[in-house]
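**Student:** Structure provided below as structure tokens; questions to follow.
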Amino acid sequence: MTLRITVLALFLALVIVVATDIHLGGTQASGSNRQGRAARVSTLPRAGNTTTTASMQALAAAAASRRLAAAWVAAQVAHSVIIACDPLMCAALQQRGFPASDLAPIGSGSPDPLGSGVVISTLAVRSEIGSRLTSVYAPVAIASFGAGQSLVQVLVTAPDGTAAYLSAEHADLMARMTAGRELLRNKNLHVSTAGADQLAAGEVDSRLLMTLAALTSRQVVDVSGFGDAGPDAAKSVPLRAMSIRSPGTRYLRSMLSFLRGQRAPLLALTTVSRSGRSTTLIVTFTAPSPTGLLPEN
């Protein structure tokens, strides 16, 4: 009887010990699994961080494009031109000194750029207007900044539609070619080879051509070059600036007096650049270039 009780007690003790071992082993394994999962999770890349970084880079690129576009527009576009833009772009232009009265914000309440002379294409504007922006309202870019979603373009508005604008633009090109070639026959005009090619190809703004015709009727004009069509502008956009070499102070004063005495649309911006003994007069007209100032062929 005593032996049976002892064996039974030993058996029960063994069962208790085994059960305890099993329980502890399961607990340790479970804890180890949790720690392993935690370790694996902590080493996985966080998708949110990558997305956030990309978004921040996109926002920074868009802001940089807006700043560049605002600086260019404020310096190159006539402040009498109505500019259609999204609210952020309009704010950037105001910071650059562009009059608020000449800005027309594009949004849900005004979903098109009608009534403006220039529309600034940003992602917000393209999303609002869609493909009609360039197919209907504003077909030609006079300046571009950035790329992809951060692209900002300065477009000329076509008040009578794209077809009418492109037709007028072509007619103006033909008239500029004729006027440029006539100027090349003027003995009072001295121009570089590259400049002569630009005149013959009709690449020079009609206001510059009219100004040159008036200047060369009075004196010799030595043009070192034409330029300032805007960064990444369409090939059809005319060159709005020219550089004239000045042989002396008296000549420069005469030139400035004549140029500053003009009225719109022939009133140009004039700056003088000096390098050693060389003096250059830079004559620049504001954007966008008008059409129809020269007689058609």
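**Student:** Name the residues in the range 105-134 that are at pLDDT below 95 and either under 14 Å from V73 (Cβ atoms) or touching a Ser or Thr at 6+ places or on another chain (Cβ under 7 Å) (or both), would you?
**Tutor:** Passing the criteria: only P113.
**Student:** Quick one: how many residues across the range 212-256 are touching a strand residue (DSSP E or B) at 6+ places or on another chain (Cβ under 7 Å) and either polar (S, T, N, Q) or in a loop (DSSP other than H, G, I, E, B) (or both)?
**Tutor:** Kept after step one, since they are touching a strand residue (DSSP E or B) at 6+ places or on another chain (Cβ under 7 Å), are these residues of the range 212-256: 212, 215-216, 220-234, 236-246, 252, 255-256.
When the remaining residues are screened for being either polar (S, T, N, Q) or in a loop (DSSP other than H, G, I, E, B) (or both), the result is 216, 220, 224, 228-234, 236-238, 240, 243, 246.
Matching residues across the range 212-256 total 16.
**Student:** Give S254, S243, S206 a once-over and let me know the one that is touching a Ser or Thr at 6+ places or on another chain (Cβ under 6 Å), surrounded by 15 or more Cβ atoms within 10 Å (Cβ to Cβ) and not aliphatic (A, V, I, L, M).
**Tutor:** Working: S254 fails: touching a Ser or Thr at 6+ places or on another chain (Cβ under 6 Å); S206 fails: touching a Ser or Thr at 6+ places or on another chain (Cβ under 6 Å).
Of the residues listed, the single one that is touching a Ser or Thr at 6+ places or on another chain (Cβ under 6 Å), surrounded by 15 or more Cβ atoms within 10 Å (Cβ to Cβ) and not aliphatic (A, V, I, L, M) is S243.
**Student:** Right, another one. Determine which member of the set I106, I82 is of a type outside the set (D, E) and either within 16 Å of A287 (Cα to Cα) or out of contact with any helix residue (DSSP H, G or I) (no Cβ under 6 Å at 6 or more places or on another chain) (or both).
**Tutor:** Values: I106 fails: either within 16 Å of A287 (Cα to Cα) or out of contact with any helix residue (DSSP H, G or I) (no Cβ under 6 Å at 6 or more places or on another chain) (or both).
Selected residue: I82, the only one of I106, I82 that is of a type outside the set (D, E) and either within 16 Å of A287 (Cα to Cα) or out of contact with any helix residue (DSSP H, G or I) (no Cβ under 6 Å at 6 or more places or on another chain) (or both).
**Student:** Are any of the residues in the range 169-181 under 27 Å from T122 (Cβ atoms), touching a residue at least 12 places away in the same chain (Cβ under 8 Å) and surrounded by fewer than 19 Cβ atoms within 10 Å (Cβ to Cβ)? Break it down stepwise before answering.
**Tutor:** To start, the set of residues in the range 169-181 that are under 27 Å from T122 (Cβ atoms) comprises 169.
The next check asks that each one be touching a residue at least 12 places away in the same chain (Cβ under 8 Å); those that pass are 169.
Next cut, surrounded by fewer than 19 Cβ atoms within 10 Å (Cβ to Cβ) only: none.
The answer is no; no qualifying residue exists.
**Student:** Just to verify a result, which residue in the range 75-100, among those that are of a type in the set (S, T, N, Q) and touching a strand residue (DSSP E or B) at 6+ places or on another chain (Cβ under 8 Å), is surrounded by the fewest Cβ atoms within 10 Å (Cβ to Cβ)? Quick ask: steps written out before the conclusion?
**Tutor:** Our first condition is that a residue be of a type in the set (S, T, N, Q); within the range 75-100, this holds for 76, 80, 94-95.
From what is left, the residues that are touching a strand residue (DSSP E or B) at 6+ places or on another chain (Cβ under 8 Å) are 76, 94.
Values: Q76: 20, Q94: 14.
Among them, the one singled out is Q94.
**Student:** To continue, here is another question. Give me the residue from the range 58-74 that is out of contact with any helix residue (DSSP H, G or I) (no Cβ under 8 Å at 6 or more places or on another chain) and either modelled with pLDDT of 95 or more or not in a helix (DSSP H, G or I) (or both) and, out of that set, surrounded by the fewest Cβ atoms within 10 Å (Cβ to Cβ). Write out each step before concluding.
**Tutor:** Taking the range 58-74 first, the residues out of contact with any helix residue (DSSP H, G or I) (no Cβ under 8 Å at 6 or more places or on another chain) are 59-60, 63, 68, 71-72.
Those still in the list that are either modelled with pLDDT of 95 or more or not in a helix (DSSP H, G or I) (or both) too: 68, 71-72.
Numbers: L68: 17, A71: 15, W72: 20.
In this case the residue turns out to be A71.
**Student:** Something else about it: How many residues, within the range 183-211, are touching a residue at least 12 places away in the same chain (Cβ under 8 Å) and not in a loop (DSSP other than H, G, I, E, B)? I'd like the intermediate steps shown before the answer.
**Tutor:** Step one: filter the range 183-211 for residues touching a residue at least 12 places away in the same chain (Cβ under 8 Å), giving 183-184, 186, 188-192, 194-196, 198-211.
Those left that are additionally not in a loop (DSSP other than H, G, I, E, B): 183-184, 189-191, 194-196, 198-200, 204, 206-211.
Result for the range 183-211: 18.
**Student:** Suppose we filter R277, R253, R245, R240 for residues that are touching an Asp or Glu at 6+ places or on another chain (Cβ under 9 Å), of a type in the set (D, E, K, R) and either farther than 30 Å from E169 by Cα or modelled with pLDDT under 95 (or both); which single one remains? Before the answer, list the steps.
**Tutor:** Numbers: R277 fails: touching an Asp or Glu at 6+ places or on another chain (Cβ under 9 Å); R253 fails: touching an Asp or Glu at 6+ places or on another chain (Cβ under 9 Å); R240 fails: either farther than 30 Å from E169 by Cα or modelled with pLDDT under 95 (or both).
Within the list R277, R253, R245, R240, the selection yields R245.
**Student:** Give the range 107-144 a look and list any residue that's among the hydrophobic types (A, V, I, L, M, F, W, C), part of a loop (DSSP other than H, G, I, E, B) and closer than 25 Å to K235 by Cβ, or say none. Let's see the steps before the verdict.
**Tutor:** Taking the range 107-144 and keeping what is among the hydrophobic types (A, V, I, L, M, F, W, C), we get 114, 118-120, 123-125, 129, 133, 136, 138, 140-143.
With the extra rule that they be part of a loop (DSSP other than H, G, I, E, B), the set shrinks to 114, 138.
Within the range 107-144, A138 is the sole residue that qualifies.
**Student:** Is there a residue being touching a residue at least 40 places away in the same chain (Cβ under 8 Å) and over 29 Å from A60 (Cβ atoms) anywhere in the range 127-140? Give the derivation first.
**Tutor:** The initial filter retains those residues of the range 127-140 that are touching a residue at least 40 places away in the same chain (Cβ under 8 Å), namely 128, 140.
When the remaining residues are screened for being over 29 Å from A60 (Cβ atoms), the result is none.
Within the range 127-140, not a single residue is touching a residue at least 40 places away in the same chain (Cβ under 8 Å) and over 29 Å from A60 (Cβ atoms).
**Student:** Any residue at all in the range 196-213 that is at pLDDT below 95, over 27 Å from the mean Cα position of the chain (by Cα) and more than 19 Å from P295 (Cβ to Cβ)? Spell out how you get there, then give the answer.
**Tutor:** Taking the range 196-213 and keeping what is at pLDDT below 95, we get none.
Checked against the condition, which is being at pLDDT below 95, over 27 Å from the mean Cα position of the chain (by Cα) and more than 19 Å from P295 (Cβ to Cβ), the range 196-213 yields no hits at all.
**Student:** Same structure again: Going by the conditions given, is D222 of a type in the set (D, E) and more than 30 Å from I83 (Cα to Cα)? Show your work before the answer.
**Tutor:** Values: of a type in the set (D, E): yes; more than 30 Å from I83 (Cα to Cα): yes.
Against the criterion (of a type in the set (D, E) and more than 30 Å from I83 (Cα to Cα)), D222 qualifies.
**Student:** Could you check, for the range 271-288, whether at least one of its residues is within 26 Å of the chain's Cα centre (by Cα), over 30 Å from A147 (Cβ atoms) and not in a strand (DSSP E or B)?
**Tutor:** no
The values are calculated or read from the model by the stated rules, or taken from the named source; none is laboratory data. Since this is a predicted model, take the numbers as computed values, not measurements. Cβ sites come from the backbone with ideal geometry, for glycine too, and all protein chains shown count toward neighbours.
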